[in-house]
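**Q** Here you go, one structure.
The values are calculated or read from the model by the stated rules, or taken from the named source; none is laboratory data. Fair warning: this is a prediction, and the values are worked out from it, not measured in the lab. Glycine gets a Cβ as well: all are built from the backbone with ideal geometry, and neighbour counts include every protein chain shown. Note: accessible area is taken over every heavy atom of the protein model, side chains too, but ligands, DNA and RNA are not part of it. Shrake-Rupley method; radii C 1.70, N 1.55, O 1.52, S 1.80 Å.
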Amino acid sequence: MTKTFLARLTAVAAPFVLALGLGSAPQLAGAQTPAAPQAAASAAAATSAPVAVPEKPAAPVAAPAATAKVDNPYGVGALWSQSDAVAKAVLAILAIMSMGSWYVIVTKLLEQMRMGRQARAVDNEFWNAGTVQAGTARLAEGSPFRFIADAGMQATQKHDGLRGKVDFADFVDLCIHRATERVQRRLGNGMSLLATVGSTAPFVGLFGTVWGIYHALTAIGVAGQASIDKVAGPVGEALIMTAIGLAVAVPAVLGYNWLLRRNITVMDDVREFSGELHSVILAGSAAA
């Protein structure tokens with residue numbers, strides 16, 4: 001009986017409990033809904049707020065390293081300061097050869113240019129004069145053409161005594177030829193120096209090369225090993241000696257050949273003047 005009564009009571013109360021649950025559910029949902037926007041707003045605020053990132057300390061700017069100038073231990077300066085007396089003597093000889101050759105090249109070139117101007121002056125001044133004496137006076141002092149003209153004039157005055165036994169034409173030709181040869185010898189002064197420098201400077205440099213190789217072998221023998229620091233200095237010294245010897249010899253050879261060709265041109269003008277002067281002197285003597 002009791003179980004039957006409880007079952008009936010439960011069946012009657014079940015609809016009322018279900019209705020009460022359904023009515024209270026919107027209120028609970030309404031009570032919980034305002035919390036959701038607040039949570040969303042809090043999340044949005046947290047998202048939009050800037051995040052403070054700790055700044056990294058600025059890296060110190062490295063100061064530019066000072067470029068220290070390192071002297072070349074195998075240059076010409078080092079060669080002079082570290083070489084012995086023999087190497088310095090070789091360098092001094094090569095320097096003297098170079099200065100001597102350049103001095104000869106410059107002075108001979110200026111002399112040839114001056115003789116060219118004097119040859120043009122002969123055409124304008126000497127041959128337009130009335131007599132040989134007047135034409136000689138018009139020529140510049142120290143001119144080789146005036147020297148030859150004076151020799152021809154003196155030949156006419158010295159043709160006496162034993163010289164008088166020589167034919168007059170031959171004696172005048174002899175005096176003029178002698179003066180011409182003296183001009184040629186004076187014009188050729190210094191050419192032998194250029195030839196000597198051009199032929200011997202490479203061998204002087206080669207001697208310095210051999211001496212440098214000798215020092216390299218000595219350094220290897222003392223050290224007991226062929227390390228680059230023991231060989232580089234003496235070998236570099238040897239190569240520099242060779243280069244200096246060639247640098248001295250090449251200008252001397254080129255200058256010798258160039259000046260020799262110019263001497264031939266200048267002497268052609270001198271010989272032409274000598275031949276014409278000889279003919280004029282003979283013609284003047286025959287007219288007298």
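**Q** In sequence order, what are the phi-derived ³J(HN,Hα) couplings for the range 276-284 according to the Karplus relation 6.51 cos²θ - 1.76 cosθ + 1.60 with θ = phi - 60°, rounded to whole Hz, with x for glycine and proline?
**A** With coefficients 6.51, -1.76 and 1.60, one gets 5, 5, 4, 5, 5, 5, 5, 5, x Hz.
**Q** Right, something else. Ranked from the most accessible area to the least, with a 1.4 Å probe and all protein chains present, what is the order of 273, 168, 203?
**A** Working: 273 10, 168 50, 203 140 Å².
Of 273, 168, 203, the descending order of accessible area is 203, 168, 273.
**Q** How do 256, 103, 214 rank by accessible surface area computed with a 1.4 Å probe, from largest to smallest?
**A** The ordering from most to least exposed comes out as 103, 214, 256.
**Q** Given the whole protein assembly as supplied and a 1.4 Å probe, what does the accessible area of residue 279 come to in Å², nearest 10?
**A** 70 Å²
**Q** Still on this structure: Round to the nearest 0.05 the FRET efficiency obtained for residue 96 and residue 131 when R0 = 51 Å and r is the Cβ-Cβ distance. Write down the numbers at each step before the final one.
**A** Numbers: r = 50 Å, r/R0 = 0.98.
So, using R0 = 51 Å, E works out to roughly 0.55.
**Q** Determine the distance separating the Cα centre of the range 236-251 from the Cα centre of the range 165-193; give it in Å without decimals.
**A** 41 Å
**Q** Taking 30 Å as R0, compute the FRET efficiency from the Cβ-Cβ separation of residue 89 and residue 110 and round it to 0.05.
**A** Values: r = 32 Å, r/R0 = 1.07.
It comes to 0.40.
**Q** How large is the accessible surface per residue of the range 79-198, computed with a 1.4 Å probe and reported in Å² as a whole number?
**A** Solvent-accessible surface per residue comes out at 56 Å².
**Q** Something else about it: Give me the extension gain from residue 282 to residue 189: residue separation times 0.36 nm, minus the current Cα-Cα distance, reported in nm with one decimal.
**A** Between residue 282 and residue 189, full extension yields an extra 30.3 nm.
**Q** Quick one: accessible surface of residue 185, probe radius 1.4 Å, all protein chains present, in square angstrom to the nearest 10.
**A** 140 Å²
**Q** Could you sort 268, 170 by their accessible area in this structure, using a 1.4 Å probe and putting the largest first?
**A** So the residues, ranked largest to smallest area, are 170, 268.
**Q** If I model a spin label at residue 168 and residue 154 as a point 7 Å from the Cα along the Cα→Cβ vector, what separation in nanometres do I get?
**A** Calculated label separation equals 2.1 nm.
**Q** Another one. In terms of the Cα gyration tensor, with a ≥ b ≥ c the square roots of its eigenvalues, is the range 92-145 rounded because a/c is under 1.5, prolate because a/b exceeds b/c, or oblate?
**A** Taking the square roots of the gyration eigenvalues as a ≥ b ≥ c, the range 92-145 is prolate.
**Q** Follow-up question, since we're still on this one. Using a Förster distance of 51 angstrom, determine the FRET efficiency expected from the C-beta separation of residue 181 and residue 222, and round it to 0.05.
**A** 0.25
**Q** Using a 1.4 Å probe on the protein heavy atoms only, what accessible surface does residue 146 show? Give it in Å² to the nearest 10.
**A** Here the residue's solvent-accessible area equals roughly 50 Å².
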